[in-house]
1. Which of the residues belonging to the range A:58-68 are open to solvent by less than 50 Å² (accessible area, probe 1.4 Å) and of a type outside the set (Gly, Ala, Ser)?
2. Looking at the range A:76-88, which of its residues are closer than 12 Å to residue B:177 by Cα and either among the charged types (D, E, K, R) or open to solvent by less than 80 Å² (accessible area, probe 1.4 Å) (or both)?
3. Quick check on this structure: which one of B:178, B:216 is open to solvent by less than 10 Å² (accessible area, probe 1.4 Å), in contact with a helix residue (DSSP H, G or I) (Cβ under 8 Å, 6 or more places away or on another chain) and not small (Gly, Ala, Ser)?
4. Hey, can you tell me all the residues within the range A:1-57 that are among the aromatic types (Phe, Trp, Tyr) and either at the interface with chain B (Cβ under 7 Å from one of its Cβ atoms) or surrounded by 20 or more Cβ atoms within 10 Å (Cβ to Cβ) (or both)?
5. Mind checking which residues of the range B:96-133 are assigned to a loop (DSSP other than H, G, I, E, B) and acidic (Asp, Glu)?
6. Of the residues B:224, B:203, only one is more than 8 Å from chain A (Cβ to nearest Cβ), at pLDDT 90 or above and in a helix (DSSP H, G or I); which?
7. Would you be able to say whether some residue in the range B:142-153 is part of a loop (DSSP other than H, G, I, E, B), open to solvent by 30 Å² or more (accessible area, probe 1.4 Å) and touching a helix residue (DSSP H, G or I) at 6+ places or on another chain (Cβ under 7 Å)?
8. Quick check on this structure: which one of B:108, B:27, B:68, B:78 is within 17 Å of residue B:152 (Cα to Cα) and either of a type in the set (A, V, I, L, M) or open to solvent by less than 10 Å² (accessible area, probe 1.4 Å) (or both)?
Amino acid sequence: MTMETWQGVVTILMAVLGTVITRFLPFIVFPESERPPRVVEYLGKVLPYAMGGLLVVYSLKNVTPFSGTHGIPEAVAITVIVALHVWKRNMLLSIAGGTAVYMLLVQVVF
Amino acid sequence: MRVNRETLSKALRAAVPKSLPVCVSFLFLALSYGVLMGTKGFSFVWPMCMSAFIFTGSMEFVTVNLLLSAFNPIAAFLLAIMIGARHIFYGISMLGKYRNMGVKKFYLIYGLCDETFAVNSGAKIPQGVDHGWFYCFVTLLNQFYWVLGATLGGLLGERLSSLNTNGLEFILTGLFVVVFLDQWMSSERKSHMAALLGIVIPVICLTLFGPDGFMVPSLVIMLVLFLALRRYLDDLKPEDGTDAGAGADAGVDALTAEGKESER
């Protein structure tokens, strides 16, 4: 670890605080007595799909398509995950398979 | 409120089978998270505490990177808000179900992670089982699996540091890809549009703003686009018509107000 222990603890506390705020906010803004506006219900329905995509991009944000390994290990591993998942629909198998392929590629091939 | 033992055991017996799929995937994921931290040189106490207190998998993986970079608490806070933004929408969906839960409500909200949301929002609770305690046990069991896995992984990882675990972090990408696929395969076309926007907008923003600054613009642009595309993406409208009384009126009011706004 590069930072002091207290700095690590503060970093974690900030992560906790941010997360707790996101979880409690809707219950504070929309108390039990009132029905949330329609537009909020609509957003509550479409946004989870978009967040799924956003998280995929987020986890790949440091991939460099024009240098290094050109994102080839990532592309191959994701293809494996999609294929496994469409085939077996088993979350654990898909993740384990894709990660194993990725580790193999970055450690042995590239 | 007095709680008798039968109420509790009934709720627990209903909650355990519903949480079993989460048990397997949580143990596996949390184990790899713990191993990751262990191999980066952290004592098992770190993954144990982080899994118990942060209790949102994606942010925990991200926090590993934060702990290995320069000290920046503000960035940690903002990242937690941005990555956790989806919780706001889980909360909105659970407003009704978590109503009138008394003190339990605080824990239910605190523990509302992706998987707990998935189980509790979709669960068909058997007759005679107390809803509040059912939700509570699902939340508690899920958190227990997660902390257990992370702690064991941390203990294991400390001893594995000589092993080449380069690339293990891809497990997070794997999780997100699978969640995305599950959403994709279990939804119809309108939701596919939302899912695609969730890929395309962040990719454009990533190209424009770089890896450190693309999250906020992505979220803002997506929000604006979804509001603009509401006419095409909103398929809740018919349900509003079937709602009784005040609910339907409120819905119509919101719609007309929305219409006026977009005319301006």
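The values are calculated or read from the model by the stated rules, or taken from the named source; none is laboratory data. This structure is a prediction, so every number in the text was calculated from the model and none was measured. Cβ: placed from backbone, ideal geometry, glycine included. Neighbour counts: every protein chain shown. Surface areas here come from the heavy atoms of the whole protein model, side chains and all, with no ligands, DNA or RNA. Shrake-Rupley method; radii C 1.70, N 1.55, O 1.52, S 1.80 Å.
1. Taking the range A:58-68 and keeping what is open to solvent by less than 50 Å² (accessible area, probe 1.4 Å), we get A:58-61, A:63.
Hits for the range A:58-68 are A:58, A:60, A:61, A:63.
2. Within the range A:76-88, A:77, A:78, A:80, A:81, A:82, A:83, A:84, A:85 qualify.
3. On the way: B:216 fails: open to solvent by less than 10 Å² (accessible area, probe 1.4 Å).
Step by step, each of B:178, B:216 is checked, and only B:178 is open to solvent by less than 10 Å² (accessible area, probe 1.4 Å), in contact with a helix residue (DSSP H, G or I) (Cβ under 8 Å, 6 or more places away or on another chain) and not small (Gly, Ala, Ser).
4. Keep residues of the range A:1-57 that are among the aromatic types (Phe, Trp, Tyr), which gives A:6, A:24, A:27, A:30, A:42, A:49.
Correct list: A:24, A:27, A:30, A:42, A:49.
5. First, pick out the residues of the range B:96-133 that are assigned to a loop (DSSP other than H, G, I, E, B): B:96-103, B:111-113, B:123-130.
The one that is assigned to a loop (DSSP other than H, G, I, E, B) and acidic (Asp, Glu): B:130.
6. Working: B:203 fails: more than 8 Å from chain A (Cβ to nearest Cβ).
Within the list B:224, B:203, the selection yields B:224.
7. Just the residues of the range B:142-153 that are part of a loop (DSSP other than H, G, I, E, B), to begin with: none.
No.
8. Details: B:108 fails: within 17 Å of residue B:152 (Cα to Cα); B:68 fails: within 17 Å of residue B:152 (Cα to Cα); B:78 fails: within 17 Å of residue B:152 (Cα to Cα).
On inspection, the qualifying residue turns out to be B:27.
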